[in-house]
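S.K.: The following block contains the structure, expressed as structure tokens.
Where a number appears in this text, it was derived from the coordinates with a stated rule and is not lab data. It should be emphasised that the depicted structure is a prediction, and the values quoted were computed from it without experimental measurement. Here Cβ is always computed from backbone atoms with ideal geometry, including for glycine, and neighbour counts include all displayed protein chains.
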Amino acid sequence: MVNIYGGESNLGFGIHCKNMIRSLQILGEEVVFLPIKGSVQPPNDLYYQSFIDKAKDLTKFKATNPSLFIFHEEESCRYTGSPAFAFSIFETDQITPIAKAMLNSRASDVILVTTKEHKKILENSNIITPIEILHEGVNEDIFNLNTQNKLINTNKFTFITAGKKEKRKNTDKIIRAFVDICQYKEIALICHTKNPFTFGPNINVRAWSDVDITKFGFNLVSNDKIALKFSNGVCDIYFTHNDIETKDLPLLYNSANVGIQCSSGESWGLPEVEMMACGIPLIITDTIGHREYLSAIPEELKSLIITPTESEIANDNFWFKGNKGKWMVVDISDIRTKINEVISNMNNFKNKNITLSNNLIQDFSWNKAAQSFLDLIKKYKM
């Protein structure tokens, strides 16, 4: 029996929780799920609902069960278990003083991180609690090469970028770079980037991007249950709605030929590995989080990797306010260069990349993560 404390949402923490719950149950482990109050959005994901409902039987809860905490470190003093495992999930080269205090409080017996680089940062921060690496992953039953249908049929060569609009994810740089290179070409971009923390009417495109694409001749031409479509008559940009269920994400990714995921730093990057598992090549940055699985990229696609050389204080005046260290600076000219490289070799990206998918699924699945967690329980069992 395992207790899992975490977010219940369609954002990173929630996705992490429901996949660990599902995979542990598939491996025959009973799970009790204790959602942390304050989740940003309802789960709205029927694929996982039966697993979540089964795990919400609190009559099976015991404080002495092994426990897994998947949320902000600052809240990790609010759970119990034996042994107690807490994820430290961060995107920069430094943790906050509060996070450090909590991780060293010994409220947790073991700290889990997603990559070797994150472990090194904690060790350099003098975290005295034992630290183990436990990768995130993909649900290989969903994200694979089997999907042929498309959620959006653009009828054009298509790029996609996914992940809520943030400065850290360089959403605006990606969209502006695309416009700069492609606005007069028969090419499309899908932006699965709506930020649920941006309020206002659904038609407010600033929820997806602060780039005013109307200044470049793009006008709203349709708004259906899947996306807003803007076009200048040649080039198209789609802004998807947020209520796309997990089971339909492969259809979304399959709507595109190439992904553009240029974050300045990640704890992992779930859309990135999901696209790769679907065989979608990526223009991707060599930064913390991403770096752990770049080895899955076959040689013929490695030229699309962007390697930033400079860093800056992480500050977006919202999530990051200069107190969480640094992230890498991604130059928009590098994104333009890689988009141009793809366009110059479009025939190489007409089909999915089988090697990319096989490499990613083999090394990074949620079932593999769940089994590794069960092995850690045995290692640290009192």
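S.K.: Which of the pairs LYS54/LYS378; LYS194/LYS225; LYS150/LYS350; LYS194/LYS350; LYS173/LYS194 have their Cα atoms more than 18 Å apart in this structure?
M.R.: Going by Cα-Cα distance, LYS54/LYS378; LYS194/LYS350 fall outside the 18 Å limit.
S.K.: Share of antiparallel DSSP beta bridges in the chain, in percent to the nearest 5?
M.R.: Once the DSSP bridges in the chain are tallied, antiparallel ones form about 25 percent.
S.K.: On to the next question. Report, in listed order, any pair from LYS302/LYS352; LYS165/LYS247; LYS100/LYS326 with a Cα-Cα distance greater than 19 Å.
M.R.: Exceeds cut-off: LYS165/LYS247.
S.K.: Scale the Cα Rg of the range 280-382 by the rule-of-thumb value 2.2 N^0.38 Å and send over the ratio, two decimals.
M.R.: Taking N as the residue count of the range 280-382, the ratio is 1.41.
S.K.: Count neighbours as other Cβ atoms within 10 Å of each site's Cβ, and list the trypsin sites (Lys or Arg not before Pro) in the range 309-382 that are DSSP loop with at most 14 such neighbours. Present the calculation step by step, with values, prior to reporting the outcome.
M.R.: Details: sites: LYS321, LYS324, LYS326, ARG336, LYS338, LYS350, LYS352, LYS368, LYS378, LYS379, LYS381; in loops: LYS350, LYS352, LYS381.
Those satisfying the criteria are LYS350, LYS381.
S.K.: Taking loop as defined by DSSP and a crowding limit of 11 other beta carbons within 10 Å, which trypsin sites (Lys or Arg not before Pro) in the range 223-318 fit?
M.R.: Within the range 223-318, the qualifying trypsin sites (Lys or Arg not before Pro) (loop, at most 11 other Cβ atoms within 10 Å) are LYS225.
S.K.: What length, rounded to one decimal in nm, is gained on full extension from CYS77 through to ASN345, with 0.36 nm per residue of separation minus their alpha-carbon distance?
M.R.: 91.3 nm
S.K.: Helix-derived [θ] at 222 nm for the chain: sum -39500 (n - 2.57) over DSSP H runs of at least 4, divide by residue count, nearest 500?
M.R.: Only helices count here, giving -8000 deg cm²/dmol.
S.K.: At a Cα cut-off below 13 Å, give the aspartates and glutamates reachable from LYS56, other chains included and same-chain residues fewer than 8 away excluded.
M.R.: LYS56 reaches GLU8, GLU30.
S.K.: What dipole magnitude, in Debye to the nearest 20, does the chain give about its Cα centre under +1 on Lys/Arg Cβ and -1 on Asp/Glu Cβ?
M.R.: With only Lys, Arg, Asp and Glu charged at Cβ, the dipole is about 400 debye.
S.K.: While we're looking at this one, here's another question. Under 14 Å between alpha carbons, and skipping anything fewer than 8 positions from LYS120 in its own chain: which aspartates and glutamates qualify?
M.R.: Hits, sequence-local ones excluded: GLU91, ASP93, GLU132, GLU292.
S.K.: Of LEU249, LEU68, LEU46, how do they rank once you tally other Cβ atoms within 10 Å and put the fewest first?
M.R.: Ordered by Cβ neighbours within 10 Å, fewest first: LEU46, LEU249, LEU68.
S.K.: On to the next question. Per q in 0.06, 0.07, 0.09 1/Å, what log10 I(q)/I(0) does a Debye calculation on the alpha-carbon atoms of the chain return?
M.R.: With no solvent term, the Cα-only Debye profile gives -0.22, -0.31, -0.51.
S.K.: For the range 35-193, calculate the relative contact order in percent as a whole number, restricting contacts to Cα pairs under 8 Å that are 6 or more residues apart. Before the final figure, lay out the partial values.
M.R.: Working: 170 pairs, mean separation 22.2, N = 159.
It comes to 14 percent, rounded to a whole number.
S.K.: Continuing with this model, one more query. So how far, in whole Å, is the C-alpha centre of the range 275-330 from the one of the range 354-382?
M.R.: If we compute the Cα centre of each part, the gap is 22 Å.
S.K.: Mean shadow of the range 157-363, computed from the convex hull of its alpha carbons, in nm²?
M.R.: Mean projected area for the range 157-363: 11.2 nm², to one decimal.
S.K.: Let me ask you something else. Report the rotationally averaged projected area of the range 127-249 based on its alpha-carbon convex hull, in square nanometres. Present the calculation step by step, with values, prior to reporting the outcome.
M.R.: On the way: hull surface 41.6 nm².
For the range 127-249, the mean projected area of the Cα convex hull comes to 10.4 nm².
S.K.: I need the phi-derived Karplus couplings for the range 130-139: 6.51 cos²θ - 1.76 cosθ + 1.60, θ = phi - 60°, integer Hz, Gly and Pro marked x.
M.R.: Rounded to whole hertz, the list is x, 10, 10, 8, 9, 5, 7, x, 10, 7.
S.K.: In the neighborhood of TRP366, defined by Cβ-to-Cβ distances under 9 Å, what is the net charge if each Lys or Arg adds +1 and each Asp or Glu adds -1?
M.R.: It works out to a net charge of 0.
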